[in-house]
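Before any comments, here is the structure.
The values are calculated or read from the model by the stated rules, or taken from the named source; none is laboratory data. In this text, all values refer to a predicted model and were calculated from it rather than measured experimentally. Quick reminder, even Gly has a Cβ in these numbers, built from the backbone with ideal geometry, and neighbours come from all protein chains shown. Each accessible area value is taken on the protein alone, full model and side chains, heavy atoms only, with ligands, DNA and RNA left out. Shrake-Rupley method; radii C 1.70, N 1.55, O 1.52, S 1.80 Å.
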Amino acid sequence: MPADALGVSRRGSGRRLVLVHGFTQTARSWDPLTSRLAERFEVVAVDAPGHGSSADVVADLPGGGAMLADVAGRGTYVGYSMGGRLCLHTALARPDVVERLVLVSATGGIDDAEDRAARRAADDALADSIERDGVDPFLEWWVAQPMFATLPDAGLADRRTNTAAGLASSLRLAGTGTQVPLWDRMASIDVPVLLVAGALDAKFVAAAERMATLLPLATVAVVADAGHTVHLEQPTPFLDVLVHWLATS
């Protein structure tokens, strides 16, 4: 694989869905959903920069978004959390490849410059800790965060396949604190967008509702009894929402 190419797995046939995971996950994190999706779609699951088979790929959010477009091509882009922020950059920079956009527990960025700088400093400190202490201690701390309290299986075995260097690079280059706020650019995204959040994740419900006021063709879906990792906490309701929206959008 070229140094600047992202690893992908492909299953099924039909309209293409490009799946992009969250921080510390890999393309395999989508496995609980891909079998059902592959019954009717071509499913392209991507290892984001710094993760999985793309552990050695170094990229910021705009660069990672461009890489997604190059490796996955035209289709519906589905991104969770960090993956949602990457897909949002793809939609803005490469509208030719994004037919539809699904953002799961995602955000347009941190508005306040001081808050953004504080988050960037915190992410830099976390990156230092990963390099100093290793992946396992960091992951134990990471999945114990309140946002994952309702996630029944953190998928630690898969997350542990990541490298300290890859995760640290991702935090420093693609963390929320590095993201230039994109709220004022959302009006330019003129494809259908599905915004999904868990009802127990108030911060990201609010982010979805805010994005819906800015995107020309947006639908908001709030999934009951789910927190931040909506698609893995409530996979059947999530898939029902996604498949119905794809059939009608």
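So here's what we get for this one:
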| item | result |
| --- | --- |
| Top-ranked residue of region 144-157 - restricted to ones that are without any contact (Cβ under 8 Å) to a residue 40 or more places away in the chain and of a type outside the set (Gly, Ala, Ser), ranked as nearest to ASP225 (Cα to Cα) | PRO146 |
| Subset tally (residues that are in contact (Cβ under 8 Å) with a residue 12 or more places away in the chain and either of a type in the set (Val, Ile, Thr) or closer than 26 Å to PRO181 by Cα (or both)) for region 227-243 | 7 |
| Total residues in region 98-134, condition part of a loop (DSSP other than H, G, I, E, B) and either closer than 18 Å to ALA174 by Cβ or open to solvent by 60 Å² or more (accessible area, probe 1.4 Å) (or both) | 8 |
| All strands (runs of 3 or more DSSP E) inside region 1-48 with 3 or more residues being free of Cβ contacts under 8 Å to residues at least 60 places away in the same chain and either touching a strand residue (DSSP E or B) at 6+ places or on another chain (Cβ under 7 Å) or β-branched (Val, Ile, Thr) (or both) | 8-11, 41-46 |
| Filtered residues of region 37-83 (kept if in contact with a Phe, Trp or Tyr (Cβ under 7 Å, 6 or more places away or on another chain) and either over 23 Å from ASP158 (Cβ atoms) or of a type in the set (Gly, Ala, Ser) (or both)) | ALA45, SER81 |
| Residue identified as in a loop (DSSP other than H, G, I, E, B), farther than 18 Å from VAL220 by Cα and at pLDDT 95 or above among PRO137, PRO181 | PRO181 |
